[in-house]
Amino acid sequence: MNKKSKSQKVYDYIEELVISGEFKAGERLPSEARLGDILNVSRVSVRAGIEKLSAIGLVTKKKGGGTYVNKPKSENYLSVFTPTLLHNTDYLEMMEIRRALDSLSVQLCAKNITNAGMRKLGGILEEMETVDNEFNFFELDKKFHLLISKYSKNRFLHNIHLIIWDVLQKTLRSNYNLVTQQERTNDRVEEHRNIYDAIINQDEDLARIYTVRHLERIIDTFECEYNEAYHQAVQEEKKKQ
């Protein structure tokens with residue numbers, strides 16, 4: 001495990017105090033000098049940490065007027081705290097979460113999807129059938145499942161799926177690729193087609209069954225192919241903590 005950078009130390013400190021409520025929305029943060037003294041880091045490190053927080057919308061820097069905690073908008077509240085909510089999540093944990101949440105999303109989608117939504121989902125599936133590389137398949141896979149969560153008509157659930165796919169793309173992509181290397185494209189497309197067919201037939205139970213089966217197959221593949229390496233990595237991480 002890499003040693004935490006000083007700017008990350010600043011980031012984590014401020015984020016934790018915002019989440020706990022010690023730093024409230026609209027409140028001005030301590031000065032850069034004060035934060036540097038508290039955390040025993042330079043003002044450069046403080047500034048870098050604050051820039052990261054500003055980039056995700058947690059704080060706003062006012063020129064010549066300090067830094068203030070933002071009030072998160074309802075539609076992006078969860079995404080502001082993504083680094084903390086899913087910090088150090090591993091691939092198997094993520095897929096177990098998806099197995100639970102995707103099964104709910106697809107049931108709601110089968111109930112609520114519109115004709116336009118069905119056409120969009122079918123269009124993604126057609127692109128999957130002619131995909132020519134893993135990068136493009138990942139993007140289509142992401143679009144397919146996020147469209148399902150969108151048509152669940154549950155915004156909170158959809159926001160959680162946005163976070164999950166963001167983490168998959170940014171930090172767990174290598175694990176995703178390991179699994180897809182063991183699969184045939186036709187098999188992957190067929191699994192998505194089964195899900196699609198159940199949705200357009202508005203069969204909530206069958207949509208859930210196919211979705212769970214799809215994700216359990218991914219979990220089983222990862223555990224069977226990479227189980228030893230996975231457990232060794234976990235043990236190494238524990239030793240370094």
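Annotations for the structure displayed:
- A cut-off under 11 angstrom between Cβ atoms defines the neighbours of Met95, and their net charge, with Lys, Arg +1 and Asp, Glu -1, is -4.
- Taking each residue as 0.36 nm, the span from Leu104 to Ser5 lengthens on full extension beyond its C-alpha to C-alpha distance by 31.8 nm.
- Coupling constants for the stretch 105-116 follow from the phi torsions by the Karplus curve (6.51 cos²θ - 1.76 cosθ + 1.60, θ = phi - 60°), and in residue order they are 4, 5, 5, 5, 5, 4, 7, 10, 5, 8, 4, 5 Hz; glycine and proline get x.
- Global form of the stretch 89-212, assessed from the alpha-carbon gyration tensor, a/c cut-off 1.5: oblate
- Amide H contacts of Val131: none lie under 5 Å away among residues 5 or more positions distant or on a separate chain (H built 1.01 Å from N in the peptide plane; Pro and chain starts excluded).
- Full extension of the segment from Glu216 to Ala25, taken as 0.36 nm per residue of separation minus the current Cα-Cα distance, would add 64.6 nm.
- Normalising the average separation of contacting C-alpha pairs (under 8 angstrom, six or more residues apart) by the number of residues puts the relative contact order of the stretch 1-47 at 44 percent.
- Take every Cα pair under 8 Å whose residues are at least 6 apart in sequence, average their separation, divide by the length of the stretch 6-76, and the relative contact order is 37 percent.
Readers should treat all values here as calculations from the given coordinates under stated rules, not as data from a laboratory. The structure presented is a predicted model; accordingly, all values stated were derived computationally and were not measured. Neighbour counts are summed over all protein chains in view; Cβ atoms, including those assigned to glycine, are modelled from backbone coordinates with ideal geometry.
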